[in-house]
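The values are calculated or read from the model by the stated rules, or taken from the named source; none is laboratory data. What you see is a predicted model; the values in this text were computed from it and never measured. All Cβ positions, even for glycine, are placed from backbone atoms using ideal geometry, and neighbour counts span all protein chains on display. With ligands, DNA and RNA removed, areas are computed over all heavy atoms of the protein, side chains included. Shrake-Rupley method; radii C 1.70, N 1.55, O 1.52, S 1.80 Å.
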Amino acid sequence: MPGSSQRKGAIRKKRGNPTAGSGGRIRQGLEGRGPTPKAVDRTKHPAHKRAKAKERAEERETRRRPVRKDTEATVEWVYGRNPVVEALRAGVPAAALHVAEGTERDARLREALLIATQHGISILEVPRPELDRVTAGGSHQGLAIQIPPYEYAHPDDLLDRAYNAHEVPLIVALDGVTDPRNLGAITRSAAAFGAHGVVVPERRAAQVSASAWKTSAGAAARIPVARATNLNRALKSYKDAGLLVIGLDMGGEVELPALEAATEPIVLVVGSEGKGLARLVRENCDLIVSIPMTSATESLNAGIATGVALYEISRRRAG
């Protein structure tokens, strides 16, 4: 039968010797190994040893390099005989009074030494080149004081201050005020008229520097200044706490003498002289108030305008 012989031939072919192979061992051995590691990652490779030697050298260099303290980066200096005496008179919290060796003693130096002694401020006699270095070559006239970084409050702390005193909150917030002298003058007015603190933005705004300390005439030691990461968020938080946000700006819908809300909890927002209140800040205000002036005067200095507004609010509250 032809069909039978063909089937036998097929069977013989199947039963023949199989082709030699690995049985999948090679394929299985290659699975999961991934790409060849880089030379720098192979512990016995010269490139790896060079990289490790470089790391150890960098670590040794870091240990030898002097570490600069944060206080050195943030400390501020007031120098020159008149500025130093004025700052000490104003109660600026000097950490130390530095006097250059061989400095001629006059009335201003004697007064600086007397105030420093009375207030327990350290007096250090230092080489003149050292004073040249810390004042970056400024005209120090042999006299300088070191001002520590100001410790800012949190915006919520100002509310706590009012509530703890059982008083109606009055807070001043500054928008775009970049002159530290204006900040000092506003802080002085805030302390004089019973405000519970001043809020400044963290960026693009004046901070409590030595100049602000001097202009405040020591008021910065009596009234807290808070720093807000985002002024608009701080204003919204005050609104949620029940405060009325009043913007002080030209062209307000209410003139200051007609402000009947003066006895309410208030955040008084003051803008810069040139630009006034920013758009978003203005939108966050419940009311815009202006100070009536003659046509000959275009605008008031931010510090003066704040003083006028705080006086009127204080007068109404006292009545």
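Just a few scattered comments:
- Note on V75 and T294: the extension gain reaches 74.4 nm, defined as 0.36 nm multiplied by sequence separation minus the Cα-Cα distance.
- Sorted peptide list for 120-128, 263-271, 221-229, criterion being average Cβ within 10 angstrom, highest first: 263-271, 221-229, 120-128
- Summing charges over all other residues whose Cβ lies under 11 Å from the Cβ of S139, with Lys and Arg as +1 and Asp and Glu as -1, gives 0.
- For the range 202-319, share of DSSP beta bridges that run antiparallel, in % to the nearest 5: 10
- Computed from the Cβ-Cβ distance with R0 of 25 Å, the FRET efficiency linking D156 to R204 stands at 0.65.
- Average accessible surface for the range 157-292: 44 Å² per residue, computed with a 1.4 Å probe over protein heavy atoms with every protein chain in place.
- Gain on full stretching of the segment that runs from N82 to I304 - 0.36 nm per residue minus C-alpha separation: 77.4 nm
- Inter-label distance for E125 and V168, nm, one decimal - labels placed 7 Å from Cα along Cα-to-Cβ: 5.8
- Full extension of the segment from E255 to A192, taken as 0.36 nm per residue of separation minus the current Cα-Cα distance, would add 20.4 nm.
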